[in-house]
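This report refers to the structure that appears directly beneath it.
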Amino acid sequence: MPLYLPKRIIISPQLSSSSPLVESILRHAPCAQVEYRKIDQDCLHLLTADDLVVTRHQGSFYKPCPGTQHYLCCQYKILHIGANCPLSCTYCILQAYLDHPAMVVHANVEEMLSELDELFFRFPSSFFRIGTGELTDSLVLDHLTGLSTILVPYFAAQKNACLELKTKTTNVGHLKDLDHRGKTIVAWSLNSASVVCREELGAPSVEERLLAARACQEWGYRLAFHFDPIIYYPGWEKEYQETIEQLFSTIKPSRIAWISLGCFRYLPRLKPIIQEKFHHSRIIYEEFIQGLDGKMRYLEILRQQIYANMVRWIRQRAPECFLYLCMESPKVWRNSVGFAPASNQELQSWLDHRGRNF
Amino acid sequence: MINPHLINPHQRSNNHKESVGQKVNSNLLFPIRYVEIEKFDLKHQPYIIRYPFAIHGQEAAAVWLEELISSIRRFGLLSPPIVYVGKEERGFIIHGVRRFLACQALGWTSLPCRVISSDIAPSELYQLSLSIFLSHHKPNVMEQARIIQRLQTLLPQEVIIQEFLPRLGLSPQRKVLERISQLAGLEDEIAEHLALGETDPQLGWRLIKLTPSSARLAMHRFLRKLPFTLSQQFEIVEYVQEIAHREQRSVEDLLGAQAVLELLASDLDQRQKANAVRLFWRSRRYPRLTALEEEFNQQKKALRLPEHLELYPPHNFEHGSYKFELKFADLAELRQKLEFLNNLISCEKFKNIIKS
């Protein structure tokens, strides 16, 4: 898959010209038209996916995952490095969250790290499992920004934090020679071959992702995998089993920090967006009900059946692998995984333990 | 000189050969002349605003036409239509299409019209036609849609929004313009029902999203077979459309399903049939949910709950709470029901419901 290159870069005048991210972006996208101007929030919708907005983030970089009531959340913490993604996945929730197509990078990294310094210092006995892949793909712009070369060494020096970089890309070149000290977990979203082909339109194949993961494994990184969203369709069993087979044929289970499972779910307002943008996609026409959090979900009995199969197939290949469900009820946990955390806090503690002591 | 306000058809039919092209009243801005009907191609009349201006084979059309014919027979053509005759002698009706059709039905070969013959740009002619139309009529939804669609080819969008939407009885907002103009893409068969108020515009907006055109027409015909409520219509459109996507089948194919035909031919009354058809499509769209509901209802039936005690499953069978609804008239009835509930807790059939 070709790497994302913007046609136009719009840089906020609030940023210092010596910002390492700005310098890196300009160096790695020499053909892009560069404009120095402020972009108001209400003008963002006038931009296109070919525009890269490099801006100074005004608010807090660190936020808890919004989670959801009624379902168990792992209480992942988000580092807000930017917004949007050029991979064009049909099911992407960002289409409903963000009202513009432009890529956004927050370039005031010094302020981001100061905020983290203060947080880690104030709560020395807490553990912080932090990810950058909530509102964007963690590595999709890394060839331009080189952000991983700042974040990975930074987390390497922390005693009470780990970083999870979640991606679908193979954009791992910058990770090779970094001194990560086991504090960075590189994670890939995986899916069946048909889903990758039909729904993850701009993303690399499963094989390509796993080869990138294997490279990270060789560089000593810990890995994680997210089967999320798992999409139900006739014949899903065979194809997801094939992906699981590919995973364990390429990656050592002992290097996997965790594997998460999450069935496809969506905000009702995403449906007309998918209908409008992706006529070919049939994923929204399966049988969905409105869950207790207002999101559309497969029926509970179907989710249980899907998870139970996935857990069985994964455990057949990697009995010791740590598995968790993303945003599911204790009932679904018990009926598919065999046990359930008592609360969000317990699930968080399990994952923090994996993050700290893996 | 003929009085242009009262033209006797008998007098006209006696004299019409002599009077074709003859100027009747030169003092008017648009003088009255006799024009030949054959100069008008009724399939291509871009300045007629009225929609539908003729509905063939429909009772409603026949009623107004008969009325008009009888009036013209009795009193003559009181007010001549306004027409434009271009350089190639092609005639375009600007106003008065029904009178024109009535005269044609009477067998006239020509009729007196106010004739615009000077060079006028098509956009001016359309606005003239629109102006006259709006001074006489409140446009129906299809007229609104077609007017907006036409104006979009003639004027900037902002002018249409600010000046014309209020004149059409619409709020001057871009989203209103976009929404209404979509309806202009509907096929005449559907559009005519919309114009006559027989099909709701809300359904029109749902139908426009159904593709291809044959699917829209099939769905519209299907929905006219039974007295579906509007919400039933919405549900059926959504269910069938989504089943078609999921199963990669055409809407027409689905609507012709044997099970549906059997429901349509059943002995149920029309409203019962409508509901049965809706439930059929719901069960096709949500087969697992429907199966769960049916299973729950059967299990619940086996509990033999007393009257005014109702058990509900968790919403959408998602983990959550069951609900009892209890109504009572007096303390004795309440005591009786509470005792029933107390016994229910140890009932195996009830335990099975809660476990599942």
So which residues in region A:111-154 are among the hydroxyl-bearing types (Ser, Thr, Tyr) and within 30 Å of A:Leu3 (Cα to Cα), if there are any at all?
-> A:Thr132, A:Thr136, A:Ser138, A:Thr145, A:Ser148, A:Thr149, A:Tyr154
Conditions (1) surrounded by 24 or more Cβ atoms within 10 Å (Cβ to Cβ); (2) touching a helix residue (DSSP H, G or I) at 6+ places or on another chain (Cβ under 8 Å); number of the one not met by A:Asp137 | (2)
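For every residue, the table says whether it meets (1) modelled with pLDDT of 90 or more; (2) among the aromatic types (Phe, Trp, Tyr); (3) surrounded by 20 or more Cβ atoms within 10 Å (Cβ to Cβ).
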| residue | (1), (2), (3) |
| --- | --- |
| B:Ala60 | no, no, no |
| B:Leu65 | no, no, no |
| B:Ile72 | yes, no, yes |
| B:Gly76 | yes, no, no |
| B:Ile94 | yes, no, yes |
| B:Leu106 | yes, no, no |
Close pairs (9 angstrom Cβ cut-off, 6 or more residues apart or separate chains): more than 17 Å from B:Phe228 (Cα to Cα) in region B:255-272, outside any loop (DSSP other than H, G, I, E, B) anywhere | B:Gly256/B:Ala218; B:Ala257/B:Phe280; B:Ala257/B:Arg284; B:Ala259/B:Phe280; B:Ala259/B:Arg284
Could you tell me whether A:Phe288 is in contact with a strand residue (DSSP E or B) (Cβ under 7 Å, 6 or more places away or on another chain) and away from every other protein chain (no Cβ under 14 Å)?
-> no
Reported set for region A:328-345 where residues are hydrophobic (A, V, I, L, M, F, W, C) and either touching a strand residue (DSSP E or B) at 6+ places or on another chain (Cβ under 7 Å) or within 14 Å of chain B (Cβ to nearest Cβ) (or both) is A:Val332, A:Trp333, A:Val337, A:Ala340
Only one of these conditions is not met by B:Pro156: (1) surrounded by fewer than 21 Cβ atoms within 10 Å (Cβ to Cβ); (2) closer than 23 Å to B:His136 by Cα. Which number is it?
-> (2)
When you go through (1) surrounded by fewer than 17 Cβ atoms within 10 Å (Cβ to Cβ); (2) charged (D, E, K, R); (3) over 22 Å from the mean Cα position of the chain (by Cα); (4) away from every other protein chain (no Cβ under 12 Å) one by one for B:Glu247, which number turns out not to apply?
-> (4)
Which is assigned to a loop (DSSP other than H, G, I, E, B), within 14 Å of another protein chain (Cβ to nearest Cβ) and of a type outside the set (A, V, I, L, M, F, W, C), of A:Gln75, A:Gln69?
-> A:Gln69
Check whether at least one residue in region B:260-270 is closer than 28 Å to A:Ile289 by Cβ and away from chain A (no Cβ under 14 Å), and report yes or no.
-> yes
Could you identify the single residue in A:Glu208, A:Glu237 that is away from chain B (no Cβ under 14 Å) and either modelled with pLDDT under 95 or more than 21 Å from A:Cys326 (Cβ to Cβ) (or both)?
-> A:Glu208
In region B:200-214, is there at least one residue being crowded, with 19+ Cβ neighbours inside 10 Å, among the small types (Gly, Ala, Ser), within 14 Å of chain A (Cβ to nearest Cβ) and part of a helix (DSSP H, G or I)?
-> no
Looking only at region B:103-136, which residues are touching a helix residue (DSSP H, G or I) at 6+ places or on another chain (Cβ under 8 Å) and assigned to a loop (DSSP other than H, G, I, E, B)?
-> B:Leu106, B:Trp108, B:Thr109, B:Ile120
Can you tell me which of A:Thr55, A:Thr48 is polar (S, T, N, Q) and crowded, with 18+ Cβ neighbours inside 10 Å?
-> A:Thr55
Would you check if there is a residue in region A:168-184 being surrounded by fewer than 18 Cβ atoms within 10 Å (Cβ to Cβ), of a type in the set (A, V, I, L, M, F, W, C) and over 15 Å from the mean Cα position of the chain (by Cα)?
-> no
State which residue pairs qualify: first residue free of Cβ contacts under 8 Å to residues at least 12 places away in the same chain and at the interface with another protein chain (Cβ under 7 Å from one of its Cβ atoms) and inside region B:304-320, second residue of a type outside the set (Phe, Trp, Tyr) and assigned to a strand (DSSP E or B) in any location, beta carbons under 7 Å apart, and separation of 6 or more residues or different chains.
-> B:Glu318/A:Ile289
Would you check which residues across region A:311-327 are farther than 25 Å from A:Cys65 by Cα and either in contact with a strand residue (DSSP E or B) (Cβ under 7 Å, 6 or more places away or on another chain) or of a type in the set (A, V, I, L, M) (or both) and list them?
-> A:Ile314, A:Ala318
Residue list for region B:114-129, restricted to those being within 33 Å of the chain's Cα centre (by Cα) and within 10 Å of B:Ile94 (Cβ to Cβ) | B:Leu125, B:Tyr126, B:Leu128, B:Ser129
What is the residue count in region B:320-353 for residues that are assigned to a helix (DSSP H, G or I) and of a type outside the set (A, V, I, L, M)?
-> 13
Which residues, taken from region A:303-325, are within 14 Å of another protein chain (Cβ to nearest Cβ) and surrounded by fewer than 17 Cβ atoms within 10 Å (Cβ to Cβ)?
-> A:Gln305
Selection count where residues are part of a loop (DSSP other than H, G, I, E, B) and either aromatic (Phe, Trp, Tyr) or within 19 Å of A:Leu141 (Cα to Cα) (or both), scope region A:34-66 | 7
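The values are calculated or read from the model by the stated rules, or taken from the named source; none is laboratory data. Here the structure is a predicted model, which is why all the values come from computation and not from measurement. Neighbour counts run over all protein chains shown; Cβ positions are idealised from the backbone, glycine included.
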